[in-house]
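Participant: Mind looking over this structure? Questions follow.
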Ligand code: GBH
């Protein structure tokens, strides 16, 4: 490798360094204090849905070990911690409200406060109460009302202590992956229900932003989208068009209504041919969905590379594998896509503050002599921080970065077989072992920056 200029990439003063988690993935305590079942309890207990039949019953037992976990966070030096609220702790069954369902979060907030770690709270990270799924889940418009009740209860109980609220985590996953592809709970393969679910998730987002303002709360509220830039495998027009369709499916179906108040019009005919009329979109809905927010959260993992594939399906795209390295999830490592994405958001959608609310990598970590050497994860985070920094340096409004994840946890359909943590969790003993990446990130935070590294160390093999 020829000489690459070594330089230091320093982040702006006040840049937010954080880590992220989600309730069902770490809390465990599935029956504690009257919690009811969520769709993930049901799904994980349905044979064949989650690898090895793993469930979130115990997970990382964070519900009982949160004090130790917050101590680790403070050792790490983060200034913000992103976590989500478990709806079934508060509304465990139809018609039942448990005010004490927020007590765990009050204890957690108190602990975070001790160490001066700012909470960033996701209202919904996929653990829908099962009783709501029994009534149609997100494909039923009534769920919007119930979500609002939950959000209102959360704002009342915790609102003044939380400066940053995220209405939804990745509505694409909560709709398309859950009701269309069927890989996530409730595991349905019905595209009409998937698009209905997407619409209702977005509607509940907009309604919640309005509610937050009406209640006079003064923090920031926004939404987190998982954005997966779509690249065309070739310059052929049909492939370029396929990439545009993939982009609508993964990204624009959520970005456009929020920032432009409309679904991508060029996709509507095709969609209606497949799923029937979009009569679930009522007058005024798009105005609600586009209710102004304070920031956009971005979860970034990878991109897709596609070509045209005429098979009569809704999207008619085929996915192409590149030569680049992949993580333990099989997702391509391609940091330039993060830079491209941030630039595009800024030029086509918004000048609002952006946060990377998740970014990270799975690797098959093992403990050797009490240590976990996870260089691949370090390389991954390092390369993505460089891409993020490049954006900031060019004037981009990126305010913070949260590593997914603080610790290994229940990786949805993969159970405990995939490890995303910068802290290793021994699921037999619940011991926590900070990985090399933990110590590396600790230094990034103290230095408020990273040393420039050759891009291709992380992005190619
Ligand atoms: C997030 O979702 C979740 O918020 C979090 O709970 C989860 O544990 C974490 O990521 C890790 O999975 O086309 O190569 O990008 C991840 C959303 C959507 C990211 C689908 C990967 C497809 C692979 N994922 N996407 S790729």
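Since every read-out is calculated from the coordinates, none of them should be taken as a lab result. Every value quoted in this text rests on a predicted model; they were computed, and no experiment measured them. Cβ coordinates were reconstructed from backbone atoms using ideal geometry, including for glycine residues, and neighbour counts include every protein chain displayed.
Participant: Using a 10 Å cut-off on Cβ atoms, rank the peptides 146-157, 20-31 from the highest mean neighbour count down.
Facilitator: Put in order of decreasing packing, that is 20-31, 146-157.
Participant: Per DSSP helix of 4 or more residues, -39500 (n - 2.57); summed, then divided by the residues of the chain. What does that give at 222 nm, rounded to the nearest 500?
Facilitator: Computed mean residue ellipticity for the chain: -10500 deg cm²/dmol.
Participant: Here's a follow-up. Whole percent per 10 Å bin, from 0 to the bin with the longest distance: what is P(r) over all C-alpha pairs of the chain?
Facilitator: Here the calculated profile for the chain is 4, 21, 33, 29, 12, 2, 0.
Participant: Given the peptides 404-416, 85-97, arrange them by the average over their residues of other C-beta atoms within 10 Å, most packed first.
Facilitator: Highest to lowest by the protection proxy: 404-416, 85-97.
Participant: On to the next question. Students often check this: by mean Cβ neighbours within 10 Å, which of 121-129, 260-268, 33-41 ranks highest, and how do the rest follow?
Facilitator: Most protected by this proxy first, the peptides run 121-129, 33-41, 260-268.
Participant: Mind giving me the FRET efficiency for residue 436 and residue 99? R0 is 35 Å, r the Cβ-Cβ distance, nearest 0.05 is fine.
Facilitator: 0.25
Participant: Taking 7 Å along the Cα-to-C-beta vector as the label spot, tell me the residue 451-residue 414 distance in nanometres, rounded to one decimal.
Facilitator: With each label point 7 Å from Cα toward Cβ, the separation is 2.9 nm.
Participant: On to the next question. How many angstrom separate the Cα center of region 294-330 from the Cα center of region 172-204?
Facilitator: Between the Cα centres of region 294-330 and region 172-204 lies a distance of 18 Å.
Participant: Under a crude label model (7 Å from the Cα following the beta-carbon direction), how far is residue 149 from residue 266 in nanometres?
Facilitator: My value for the distance between the label points is 4.3 nm.
Participant: What is the chain's relative contact order, in percent, from Cα pairs under 8 angstrom and six or more apart in sequence?
Facilitator: This gives 18 percent for the chain.
Participant: Now, a different point. What does the extension gain come out to for residue 135 and residue 116, with contour length at 0.36 nm per residue minus their alpha carbon separation?
Facilitator: Gain in length upon complete extension: 2.7 nm.
Participant: Starting from 0.36 nm per residue, how many nanometres of slack lie between residue 427 and residue 323 once their C-alpha separation is accounted for?
Facilitator: Value of the extension gain: 34.0 nm.
Participant: I've got another one for you. Say each of residue 68 and residue 240 gets a label point 7 Å from the Cα, pointing the same way as Cα to Cβ; how far apart are those two points in nm?
Facilitator: In this crude spin-label approximation the distance works out to 5.7 nm.
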